[in-house]
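A.B. asks: First the structure, which I've put down as structure tokens, then a few questions once you've had a look.
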Amino acid sequence: MVGEDKPFPTRAALAIGSLVTLVVLLAALPWLLSDYGLSFMVSVMSYLVLTVAWALFSGPTRLVSLATSAFFGVGMYTVAMLIKLMPLYATFAVALGVGALLAGVVGVLTLRIAGMFFVIFGFGLSEMIRQLMVWWEINKTHTMGRYVFVPFDATLIYEHLLGLAVIVFFVGWQLRRARLGLALMVIGEDETVARQVGVNVPFAKVAIFVVSAMFMTMTGALMAPRYGFINPNFAFNPLVSFQVVIMAFLGGLQRLWGPALGVIPLIILSELLQTEFPFWFSVLLGIVFMVIVYFLPRGVTGLIEDGWKALGRPLELQRGLTGPLVDAWGWMSRPIILPRGIAGAIEDVWVKIAPQTKGRR
Amino acid sequence: MPVIEVIFGGVILGGLYALVAMGFNLQYGVARIVNLAYGEFLMTAAFAAFWMFTLFGVNPILGMFLSVPAAFGANWLIYRVLMTPLARRARTRDQLEGETILATFGLLFVLRGAATIAFTANDRYYDYLGEPLRLLGFTFAANRVLAFATAGVIATAVWVVLQFTRFGVALRALAIDPVGAQLVGVDVRRLSALAFACGGALAAAAGTLVSTFLSFNPAIGIEFTMKALVVVIMGGIGNMLGSLAAGLMLGVAEALCSYYVDSGLTLAVAYALFLIVLVVRPRGLFGTA
Amino acid sequence: MDSLLGRISFIALAMAAASSALAADAPKSIRIGYAISLSGVNAQGAATTTLPGYDLWVKDVNDKGGIMVKEFGKRIPVEVVAKYDDTSNAETLLRLEEKLMTQDKVDFVLPPWSTGFNLAVAPIFAKYGYPQLAVTANANDEEQLVKQFPTLFFFLNQPMHFGAALISVLDTLKSAGKINDKVVLLSVGDQFGAEFAAGFGAGLKGSGYDIVLQKSYPLGAADLTNEIKEAKSSGADTFIAGSYPPDTFMLAGTAITQGYNPKVYYTAVGTAFAEFGGAFKGKADGVFGIGGWDPNLPGAQDYYKRQVALTGHAPDGWASPVTYASLQILVQAIEKAGTLDRKKVLDAIANDGPWDTISGPIDLKTHIREKQWGVGQWQNGQFVGVSPSDMAGAQPVMFPKPAW
């Protein structure tokens, strides 16, 4: 991409250039992939937006939210309810408004709630809305399914989601450099300190909660034509909330792009297990989760950072060519030795059985 | 139907919720493990009761003498083997919560998947004590009353142990302040393992009792886990009395709603009540700041 | 990146070329695929009603050497090349169906489980031209749906027709002065329950019944004692519940403990399960339920025995045999069309009936199986069809229901 005779571009220009290339390539995918490949990418892209949006709020504030399915569902169900009354884009706008309003109210109400209390609040909220919608449909409309048949095919959904992804990344990037982002970091560390240094805590928390929720709502709205047939149980599926949290943790929250790294492997893995080992799906998925927790405590981001460091080290070449090999070997074997995982567990049992070895540690 | 009868029905249902939640509260409030696989132990115990009853005609209550100790042992092992490494590695309570959620989420899938393969996904139901019981002039289902009575006995036993024994004092100390507890000579790891195992044993007891009046299949675990979480959070983490109160509140609210408002709104009302409690008391009914 | 994309498209081209080259010869097998809930909340339904039928069908067809396809002049065995777990998640299901149709390119796709999921995938089946023999689905707007999706076939009547079948039973009893005109109508808070309540409610009102208590309760409700107590004090002789298996069992258990003995007691999905009779034993006698079947039809008993032998699990008295019957239709339609061309097979399914099945002759001209059991009843430990009474093999109604 860079000619030898041209001046070496700055890092920023290179970064922007490669990002633009990446986005253009991603935008071109619908014309390169099969129908199934595209629907797979729609799924990836929707979870990408959800997960990064989730991390916008939950990353810096460290408040784990299970309300994702509530906002996703509100977006989807608003479109489903209004699609016969107004054009598609108008339903998107209404959905966005409803989602923002709900997020504002919830954000204000939950200001004092933290930790596990906040986690389960989100779950309760989503379930309550689902129950209310079911009740409403049965008693007021006497049917539960709603069709969203509009000329808005997978390609269009994908391109819109890609656009949304670009925006959510841009917002996240700007946030990291803005005062609000810094304020949120301080809140995440210690809310009392944040208050004392003059951060408007309620405003900062509610603002970012609303922004994050709006992305989730929009994703739900965009996915409505993809589902085609929608009932409250499809739209307010608590599994979406759980999956988003798992993906974000798997990817790692230290970096803006971290959560994204959790989305792709998890979706590929699920797809693989659902199709290749359908009867063992649950067991294998569970084992993979546990392996991640015990051997990759810092997520995929941590893995990549470790790898980056390991790659960076041999460049000194003080130990000759065998140096990098030794490093690579050491790095590869590290996860098994270091975080104590299963090996540690076996050791614990061993210590229990044979007390004389106790003094070793 | 007099309002008192509706409330009685709600209390019996709430007792079940409290029973399910108390075991979870021991695991979460004392051992500090958010065990998302809690419901899978409940489900496994339900299947154990079902097989013992249908194959060998073993009374489910007698069967508990087998399944409850087995669950105790299994949960003790899980704590020692799977949770201890996480507890050692975690620097803060938040971190431990996060990691145990992920690990037990994995465990949930493993256990549920294994149960589906072993027991098949079919719904199971058996008829045990499905007889009317006259109580205070009202008619209740004998198996539901039995579950409520057992919940009451267990709650009292747990309360007595917590309140009046050295072991209980140590557990309460652990629930309130693990670092402080260690300073005054509490063996945190050993005690946490025991609390976790006790929680698992309660799950097995709850599972056995539930199986006498609800149908079940390998996928029901998560529903009970989330119900337990809601009750524990609503009552206050680590507070057994809180769980009991919250469970009863939810049961009574559902019963009143189903009779006076609309059956379709019972769960919506239960969740709304939960949300309101949290908004008013951010650390639960009996939580301390 | 560029080279990777290049490689992917090359592989895709190569695969397309390979598959078109193969198409000329007789295939080694008829490729069947399906995505269904093997895990999650829907797994119990799929495991009870649908999967045993799929397994038995594959075995039965291949025991005969396969399906005779005239185009190739020989019997070709069926092979399940893809069996996916939708994990009870609608979005996953949509994606897996697309994979089956566009990537695996199977010859035929068997439908998923539940009304909601079948309606959700109907647009995809229609888009790629796969016949969708949806057994575990019904809706009040079936007639409109089959027009919108020409690949869709319904094997279960609209809820209002199930309602009509029950109402004809009630009418006979009412005109004989055996029951009053008061009715309790409960329904579960799900797709099925909503359609049920709408269909039955309109029918009952239209026939001059007084619905003294109408309620829906949430899916997964832990206690229905209040509902039964209210029903008991309502003075209605007829109890109707649009229930799902967990609540079907719970309602019966609660009715027993509360000593609630309406003259007509009817629950929906799950009543026909073999487990219902197994759990309540003699107490089940007299209970009405949705569906029904005639065990004396040719092949029916034999099917029952083969199913138990293969899966160790007795089929229910409603949708299980229909699932098997729907696949018998697929075989006959392929043989009649003499080809694996889906469009021709689709035409055959619709136009060349009625087909012989273990559930009797089935005609799909309207894409909806019209004539079928609406109401069954447990009689002497067996769930048999009682209404419509002009169905061959209809049993006389057992009335009143003996006390539990």
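The values are calculated or read from the model by the stated rules, or taken from the named source; none is laboratory data. Nothing here was measured: the structure is a model prediction, and the numbers come from that model. We place every Cβ from the backbone using ideal geometry, glycine too, and count neighbours over all the protein chains shown.
A.B. asks: Mind telling me which of the residues A:295, A:289 ends up being among the hydrophobic types (A, V, I, L, M, F, W, C), under 27 Å from residue B:89 (Cα atoms), modelled with pLDDT of 75 or more and in contact with a Pro (Cβ under 7 Å, 6 or more places away or on another chain)? Break it down stepwise before answering.
C.D. replies: Working: A:289 fails: in contact with a Pro (Cβ under 7 Å, 6 or more places away or on another chain).
The unique qualifying residue is A:295.
A.B. asks: For residue A:113, state whether it is without any contact (Cβ under 8 Å) to a residue 40 or more places away in the chain, surrounded by 19 or more Cβ atoms within 10 Å (Cβ to Cβ) and assigned by TED's automatic domain parsing to the domain that holds residue A:214.
C.D. replies: yes
A.B. asks: Another question, then. Restricting attention to the range B:210-220, does a residue exist that is in a helix (DSSP H, G or I), more than 14 Å from chain A (Cβ to nearest Cβ) and not acidic (Asp, Glu)?
C.D. replies: Initially, the range B:210-220 is screened for residues in a helix (DSSP H, G or I), giving B:210-211.
Subsequent filtering for residues that are more than 14 Å from chain A (Cβ to nearest Cβ) retains B:210-211.
Subset that is not acidic (Asp, Glu): B:210-211.
Looking through the range B:210-220, at least one residue is in a helix (DSSP H, G or I), more than 14 Å from chain A (Cβ to nearest Cβ) and not acidic (Asp, Glu).
A.B. asks: To continue, here is another question. Does residue A:198 meet the test of being farther than 19 Å from residue C:191 by Cβ, touching a Ser or Thr at 6+ places or on another chain (Cβ under 6 Å) and surrounded by fewer than 23 Cβ atoms within 10 Å (Cβ to Cβ)? Reasoning before the result, please.
C.D. replies: Numbers: farther than 19 Å from residue C:191 by Cβ: yes; touching a Ser or Thr at 6+ places or on another chain (Cβ under 6 Å): no; surrounded by fewer than 23 Cβ atoms within 10 Å (Cβ to Cβ): yes.
Considered against the rule, which asks whether it is farther than 19 Å from residue C:191 by Cβ, touching a Ser or Thr at 6+ places or on another chain (Cβ under 6 Å) and surrounded by fewer than 23 Cβ atoms within 10 Å (Cβ to Cβ), residue A:198 comes out as no.
A.B. asks: So which of C:87, C:115 ends up being surrounded by fewer than 24 Cβ atoms within 10 Å (Cβ to Cβ) and either within 24 Å of residue C:193 (Cβ to Cβ) or at the interface with chain A (Cβ under 8 Å from one of its Cβ atoms) (or both)?
C.D. replies: Values: C:87 fails: surrounded by fewer than 24 Cβ atoms within 10 Å (Cβ to Cβ).
It is C:115.
A.B. asks: From the list B:263, B:243, B:215, B:258, which residue is under 28 Å from residue B:109 (Cα atoms), in contact with a strand residue (DSSP E or B) (Cβ under 8 Å, 6 or more places away or on another chain) and not hydrophobic (A, V, I, L, M, F, W, C)? Show your work before the answer.
C.D. replies: On the way: B:263 fails: under 28 Å from residue B:109 (Cα atoms); B:243 fails: in contact with a strand residue (DSSP E or B) (Cβ under 8 Å, 6 or more places away or on another chain); B:258 fails: under 28 Å from residue B:109 (Cα atoms).
One residue alone meets the criteria, B:215.
A.B. asks: A further question follows. Please find, among B:16, B:36, B:26, the residue that is in contact (Cβ under 8 Å) with a residue 40 or more places away in the chain, within 14 Å of chain C (Cβ to nearest Cβ) and either under 28 Å from residue C:229 (Cβ atoms) or within 13 Å of the chain's Cα centre (by Cα) (or both). So that I can check it myself, show each step before the final result.
C.D. replies: Numbers: B:36 fails: within 14 Å of chain C (Cβ to nearest Cβ); B:26 fails: within 14 Å of chain C (Cβ to nearest Cβ).
None of the others qualify; the one that does is B:16.
A.B. asks: In addition: For the subset of the range C:229-255 comprising residues that are part of a helix (DSSP H, G or I) and of a type in the set (A, V, I, L, M), which member is nearest to residue C:284 (Cα to Cα)? Spell out the reasoning first.
C.D. replies: If we filter the range C:229-255 for residues that are part of a helix (DSSP H, G or I), which is where we start, we get C:229-233, C:245-255.
Next, from what is left, pick out any that are of a type in the set (A, V, I, L, M): C:231, C:250-252, C:255.
Numbers: C:231: 19, C:250: 13, C:251: 12, C:252: 9, C:255: 12 Å.
The selected residue is C:252.
A.B. asks: Quick check on the range A:62-99: of everything there that is of a type in the set (Ser, Thr, Tyr) and closer than 16 Å to residue A:232 by Cα, which residue is surrounded by the fewest Cβ atoms within 10 Å (Cβ to Cβ)? Explain how you work it out, then say what you get.
C.D. replies: Of all residues in the range A:62-99, those of a type in the set (Ser, Thr, Tyr) come to A:65, A:68-69, A:77-78, A:89, A:91.
Pick out the ones that are also closer than 16 Å to residue A:232 by Cα and you get A:68-69, A:77-78.
Numbers: A:68: 28, A:69: 29, A:77: 26, A:78: 24.
The selected residue is A:78.
A.B. asks: Next up: Select from the range B:60-82 the residues that are over 11 Å from residue B:201 (Cα atoms) and in contact with a Leu (Cβ under 9 Å, 6 or more places away or on another chain) and write down the one among them that is farthest from the other protein chains (Cβ to nearest Cβ).
C.D. replies: So in the range B:60-82, the residues over 11 Å from residue B:201 (Cα atoms) come out as B:60-63, B:77-82.
From what's left, in contact with a Leu (Cβ under 9 Å, 6 or more places away or on another chain): B:60-61, B:78-79, B:82.
On the way: B:60: 14, B:61: 18, B:78: 10, B:79: 10, B:82: 7 Å.
So the residue we want is B:61.
A.B. asks: Next up: Examine the range C:352-367 for a residue that is in contact with a Pro (Cβ under 6 Å, 6 or more places away or on another chain) and in a helix (DSSP H, G or I), and state whether such a residue exists.
C.D. replies: no
A.B. asks: Restricting to the range C:26-49, what's the tally of residues that are part of a loop (DSSP other than H, G, I, E, B) and in contact (Cβ under 8 Å) with a residue 60 or more places away in the chain? Steps first, answer last, please.
C.D. replies: First, pick out the residues of the range C:26-49 that are part of a loop (DSSP other than H, G, I, E, B): C:26-29, C:37-42.
Filter once more, keeping what is in contact (Cβ under 8 Å) with a residue 60 or more places away in the chain: C:27, C:37, C:42.
Looking only at that region, the number is 3.
A.B. asks: Could you check, for the range A:239-247, whether at least one of its residues is in contact with a helix residue (DSSP H, G or I) (Cβ under 8 Å, 6 or more places away or on another chain) and free of Cβ contacts under 8 Å to residues at least 60 places away in the same chain? If you could, list the steps in order and put the result at the bottom.
C.D. replies: Keep residues of the range A:239-247 that are in contact with a helix residue (DSSP H, G or I) (Cβ under 8 Å, 6 or more places away or on another chain), which gives A:239-247.
Pick out the ones that are also free of Cβ contacts under 8 Å to residues at least 60 places away in the same chain and you get A:246.
Taking every residue of the range A:239-247 in turn, at least one turns out to be in contact with a helix residue (DSSP H, G or I) (Cβ under 8 Å, 6 or more places away or on another chain) and free of Cβ contacts under 8 Å to residues at least 60 places away in the same chain.
A.B. asks: Filter the helices (runs of 4 or more DSSP H) completely within the range A:89-194 down to those with at least 1 residues that are among the polar types (S, T, N, Q) and within 14 Å of another protein chain (Cβ to nearest Cβ).
C.D. replies: On the way: elements: A:115-136, A:154-177, A:179-189.
Counting at least 1 such residues, we get A:115-136, A:154-177.
A.B. asks: If the requirement is being more than 11 Å from chain A (Cβ to nearest Cβ) and within 22 Å of residue B:161 (Cα to Cα), which of these qualifies: B:256, B:241? Write out each step before concluding.
C.D. replies: Working: B:256 fails: within 22 Å of residue B:161 (Cα to Cα).
Sole residue among the options that is more than 11 Å from chain A (Cβ to nearest Cβ) and within 22 Å of residue B:161 (Cα to Cα): B:241.
A.B. asks: Please go through (1) of a type outside the set (A, V, I, L, M); (2) in contact (Cβ under 8 Å) with a residue 12 or more places away in the chain; (3) in a helix (DSSP H, G or I); (4) within 14 Å of chain B (Cβ to nearest Cβ) for residue A:65 and return the number of the only condition it doesn't satisfy.
C.D. replies: The single condition residue A:65 does not satisfy is (3).
A.B. asks: Taking residue B:106, is it assigned to a helix (DSSP H, G or I), over 19 Å from the mean Cα position of the chain (by Cα) and surrounded by 19 or more Cβ atoms within 10 Å (Cβ to Cβ)?
C.D. replies: Values: assigned to a helix (DSSP H, G or I): yes; over 19 Å from the mean Cα position of the chain (by Cα): yes; surrounded by 19 or more Cβ atoms within 10 Å (Cβ to Cβ): yes.
So residue B:106 passes the test.
A.B. asks: Determine which member of the set C:188, C:183, C:169 is more than 26 Å from the chain's Cα centre (by Cα) and in contact (Cβ under 8 Å) with a residue 40 or more places away in the chain. Before you say what the answer is, go through the steps one by one.
C.D. replies: Working: C:188 fails: more than 26 Å from the chain's Cα centre (by Cα); C:169 fails: more than 26 Å from the chain's Cα centre (by Cα).
Criteria check complete, one pass: C:183.
A.B. asks: Please pick out the residue among C:56, C:133 that is of a type outside the set (Asp, Glu), outside any helix (DSSP H, G or I), over 24 Å from residue A:276 (Cβ atoms) and modelled with pLDDT of 95 or more. Let's see the steps before the verdict.
C.D. replies: Working: C:56 fails: outside any helix (DSSP H, G or I).
Only one candidate qualifies: C:133.
A.B. asks: Residue A:253: within 11 Å of chain B (Cβ to nearest Cβ), in contact (Cβ under 8 Å) with a residue 40 or more places away in the chain, surrounded by fewer than 21 Cβ atoms within 10 Å (Cβ to Cβ) and outside any helix (DSSP H, G or I), yes or no? Show your work before the answer.
C.D. replies: Numbers: within 11 Å of chain B (Cβ to nearest Cβ): yes; in contact (Cβ under 8 Å) with a residue 40 or more places away in the chain: yes; surrounded by fewer than 21 Cβ atoms within 10 Å (Cβ to Cβ): yes; outside any helix (DSSP H, G or I): yes.
Spelling it out, residue A:253 is indeed within 11 Å of chain B (Cβ to nearest Cβ), in contact (Cβ under 8 Å) with a residue 40 or more places away in the chain, surrounded by fewer than 21 Cβ atoms within 10 Å (Cβ to Cβ) and outside any helix (DSSP H, G or I).
A.B. asks: Tell me yes or no: at least one residue of the range C:153-175 is part of a strand (DSSP E or B) and either surrounded by fewer than 20 Cβ atoms within 10 Å (Cβ to Cβ) or out of contact with any Leu (no Cβ under 6 Å at 6 or more places or on another chain) (or both).
C.D. replies: In the first step, residues of the range C:153-175 are kept if they are part of a strand (DSSP E or B); the result is C:153-154.
Filter once more, so that each one left must be either surrounded by fewer than 20 Cβ atoms within 10 Å (Cβ to Cβ) or out of contact with any Leu (no Cβ under 6 Å at 6 or more places or on another chain) (or both): C:154.
Scanning the range C:153-175 turns up at least one residue that is part of a strand (DSSP E or B) and either surrounded by fewer than 20 Cβ atoms within 10 Å (Cβ to Cβ) or out of contact with any Leu (no Cβ under 6 Å at 6 or more places or on another chain) (or both).
A.B. asks: Please work out which residue is surrounded by the most Cβ atoms within 10 Å (Cβ to Cβ), limiting yourself to the range C:370-388 and to residues that are under 21 Å from the mean Cα position of the chain (by Cα) and assigned to a loop (DSSP other than H, G, I, E, B). Reasoning before the result, please.
C.D. replies: Taking the range C:370-388 first, the residues under 21 Å from the mean Cα position of the chain (by Cα) are C:370-378, C:382-388.
Next, from what is left, pick out any that are assigned to a loop (DSSP other than H, G, I, E, B): C:370-374, C:388.
Values: C:370: 12, C:371: 14, C:372: 23, C:373: 28, C:374: 23, C:388: 17.
Going through the qualifying residues, I end up with C:373.
A.B. asks: Does the range C:263-297 hold any residues that are part of a loop (DSSP other than H, G, I, E, B), more than 12 Å from chain B (Cβ to nearest Cβ) and crowded, with 23+ Cβ neighbours inside 10 Å, and which are they?
C.D. replies: Of all residues in the range C:263-297, those part of a loop (DSSP other than H, G, I, E, B) come to C:263, C:268-273, C:285-287, C:291-297.
Checking which are more than 12 Å from chain B (Cβ to nearest Cβ) leaves us with C:263, C:268, C:271-272, C:285-287, C:291-297.
Correct list: C:268, C:271, C:272, C:287, C:291, C:292, C:293.
A.B. asks: While we're looking at this one, here's another question. Look at residue B:130 and say whether it is within 30 Å of residue C:228 (Cβ to Cβ), at the interface with another protein chain (Cβ under 7 Å from one of its Cβ atoms) and modelled with pLDDT under 90. Please lay out each step first, then the result.
C.D. replies: Working: within 30 Å of residue C:228 (Cβ to Cβ): yes; at the interface with another protein chain (Cβ under 7 Å from one of its Cβ atoms): yes; modelled with pLDDT under 90: yes.
So residue B:130 passes the test.
A.B. asks: Is it the case that residue B:269 is more than 13 Å from chain A (Cβ to nearest Cβ) and of a type outside the set (Phe, Trp, Tyr)?
C.D. replies: Criteria not met by residue B:269.
A.B. asks: Within the range C:226-252, which residues are over 29 Å from the mean Cα position of the chain (by Cα) and of a type in the set (S, T, N, Q)?
C.D. replies: C:226, C:233, C:234
A.B. asks: Do we find that residue B:87 is touching a strand residue (DSSP E or B) at 6+ places or on another chain (Cβ under 6 Å) and either away from chain A (no Cβ under 14 Å) or surrounded by 15 or more Cβ atoms within 10 Å (Cβ to Cβ) (or both) in this structure?
C.D. replies: Numbers: touching a strand residue (DSSP E or B) at 6+ places or on another chain (Cβ under 6 Å): no; either away from chain A (no Cβ under 14 Å) or surrounded by 15 or more Cβ atoms within 10 Å (Cβ to Cβ) (or both): yes.
No, not satisfied.
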